1. Give the residue list of trypsin sites (Lys or Arg not before Pro) in the chain that are DSSP loop and have at most 11 other beta-carbon atoms within 10 angstrom.
2. If you roll a 1.4 angstrom probe over the protein chains with everything in place, what fraction of the accessible area of the chain belongs to carbon and sulfur, to the nearest %?
3. Accessible area of SER14, 1.4 Å probe, to the nearest 10 Å²?
4. What is the dipole size for region 1-41, taken about its Cα centre, with +1 at each Lys and Arg Cβ and -1 at each Asp and Glu Cβ, in debye to the nearest 20?
5. Accessible area per residue, 1.4 Å probe, Å², for the chain: what's the number?
6. Please state the relative contact order of the chain as a whole percent: Cα pairs under 8 Å, 6+ residues apart?
7. Taking R0 as 30 Å, what's the FRET efficiency between ALA5 and ASP51 from their Cβ-Cβ distance, rounded to 0.05?
Amino acid sequence: MEAEAKYRSLIENSLVGVYILQDGKIVYVNPRLCEMSGYRFDELYGLGINDFIYHEDLLLVNENIQKRFNNETGSVTF
């Protein structure tokens with residue numbers, strides 16, 4: 001439980017936006033992502049990543065997500 005509390009605190013207080021997808025839908029966003037996007041958690045919850053990302057960035061974002069799913073290491077392209 002202590003490790004989980006530390007992890008949760010790290011994510012909740014992160015300087016970068018963090019989201020978690022489950023079955024292609026957003027199930028978690030940290031407060032920083034809400035600040036960056038201008039949306040509340042309840043507005044983002046359940047959206048597909050394609051609903052949240054600018055159309056011009058979709059291909060790049062989906063490629064980067066696929067890299068993570070495939071356990072490919074290295075940097076993420078921006």
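1. Hits after loop and neighbour filter: ARG40.
2. That share works out to 56 percent.
3. Accessible area of SER14: about 30 Å².
4. 120 debye
5. Value returned for the chain: 80 Å² of accessible area per residue.
6. 19 percent
7. Approximately 0.45, to the nearest 0.05.
The values are calculated or read from the model by the stated rules, or taken from the named source; none is laboratory data. As the structure is a prediction and not an experimental result, all values here were calculated from the model. Every residue, glycine as well, gets a Cβ built from its backbone with ideal geometry; the counts of neighbours run over all protein chains shown. Side chains are part of the model used for accessible areas, which takes the heavy atoms of the whole protein and leaves out ligands, DNA and RNA. Shrake-Rupley method; radii C 1.70, N 1.55, O 1.52, S 1.80 Å.
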